[in-house]
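Engineer: Take this structure, written in structure tokens, and hold onto it; I'll ask about it next.
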Amino acid sequence: MKFIVAILIAVVSLVTYWCNRQENEFTGQVQHVDMTVEQEIALGLQTAPKMASQYGGLHPDEQARAEVNAIGQRLVQNTRVSETPYKFDFHLLADEKTVNAFALPGGQIFITAGLLRRLSTEAQLAGVLGHEIGHVVGRHSAQQLAKAKLTQGLTGAAAIATYDPDNPASQTGAVAAAMIGKLMNMRYGREDELESDRLAVRLTGEAGYDPRAMIEVMRILEEASGGASGPEFAQTHPNPGNRIAEIERAIQQEYPNGLPAGLVE
């Protein structure tokens, strides 16, 4: 009986995942997502205050917050991002120690003071924010939620099929399945990061910023990691050094005849 239940759970999870397909109007890719853009926006707005509180809330310097938002809005208004239904807000967080930036579904984007103080140019900040915009328009959060549901369903089915109450050692099968599922989702996460890097190259250039500044951002992040980031396969982000090669390739593809003059560095 437990095997029948496990098979049903696995089949339902797979069918639900593969049938929920939508074309991303910004990237043109067909994605597995099971929520609407409106739901993404609502989820981001609902989650934003809680996420900000985890980093000490918003930074008390109103001028610094305004400058971050102004650069973010320039990226939005001067690119195709302005044609999307997402509502973008850019927030500077008070946390001076954490080096981080992240995006919530729907357009709520955050950067910590710890990362901002390491950046030395406007173009570097634009590269960071452009990367996070890429996550939003790429619908990466919605994709990850759909994949997480699929993984949860499959690992749950595996746990039901392999668990024997008379044999505690049978739990190791479920643990192994959960670990495999986690690594699968990490793999998707790294691919999303690389796509966001490529989108950031396009967005920064279109908005008048030098996309080569993103290369220096990668060096800053690598330095911030202290060189102790561990094996790349066990990370949610690709190694910054490896990302540099991808960014350089994206710049060459976007500007085969060279970058235009007058870009903000």
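The values are calculated or read from the model by the stated rules, or taken from the named source; none is laboratory data. Note that the structure is predicted; figures quoted are calculated from it, not measured. Don't worry about glycine lacking a Cβ; one is built from the backbone with ideal geometry, like all the others, and counts go over all protein chains shown. SASA here: full protein model, heavy atoms, side chains in, ligands and nucleic acids out. Shrake-Rupley method; radii C 1.70, N 1.55, O 1.52, S 1.80 Å.
Engineer: For region 180-235, what are the residues that are of a type in the set (Lys, Arg) and modelled with pLDDT of 85 or more? Outline the logic, then answer.
Structural biologist: So in region 180-235, the residues of a type in the set (Lys, Arg) come out as 182, 187, 190, 198, 202, 212, 219.
Listed by number, the residues that qualify are ARG198, ARG202, ARG212, ARG219.
Engineer: Go through (1) open to solvent by 10 Å² or more (accessible area, probe 1.4 Å); (2) more than 22 Å from LEU43 (Cβ to Cβ); (3) in contact with a Lys or Arg (Cβ under 9 Å, 6 or more places away or on another chain); (4) not hydrophobic (A, V, I, L, M, F, W, C) one by one and return the number of the condition GLY114 breaks.
Structural biologist: (1)
Engineer: Another question, then. With the checklist (1) part of a helix (DSSP H, G or I); (2) more than 30 Å from TYR209 (Cα to Cα); (3) at pLDDT 80 or above in hand, flag the one item MET51 doesn't pass.
Structural biologist: Result: MET51 passes all but (2).
Engineer: Output the number of residues of region 71-81 satisfying the condition of being open to solvent by less than 60 Å² (accessible area, probe 1.4 Å) and more than 18 Å from the chain's Cα centre (by Cα).
Structural biologist: Step one: list which residues in region 71-81 are open to solvent by less than 60 Å² (accessible area, probe 1.4 Å), which gives 71-73, 75-76, 79, 81.
If we keep only those that are more than 18 Å from the chain's Cα centre (by Cα) as well, we get 71, 73, 79.
Of the residues in region 71-81, 3 are open to solvent by less than 60 Å² (accessible area, probe 1.4 Å) and more than 18 Å from the chain's Cα centre (by Cα).
Engineer: What residue, among those in region 122-139 that are within 14 Å of the chain's Cα centre (by Cα) and of a type in the set (A, V, I, L, M, F, W, C), is nearest to GLU23 (Cα to Cα)?
Structural biologist: VAL137
Engineer: What pairs can you find where one residue is in region 241-263 and at pLDDT below 95, the other is exposed (fewer than 15 other Cβ atoms within 10 Å of the Cβ), and their Cβ atoms are less than 8 Å apart, with a gap of 6+ or different chains?
Structural biologist: Listed pairs, sorted by first residue: ASN242/GLU232; ILE244/ARG219.
Engineer: If I ask for residues that are surrounded by 19 or more Cβ atoms within 10 Å (Cβ to Cβ) and out of contact with any helix residue (DSSP H, G or I) (no Cβ under 6 Å at 6 or more places or on another chain), which ones from region 95-110 would you list?
Structural biologist: The answer is PHE110, and nothing else.
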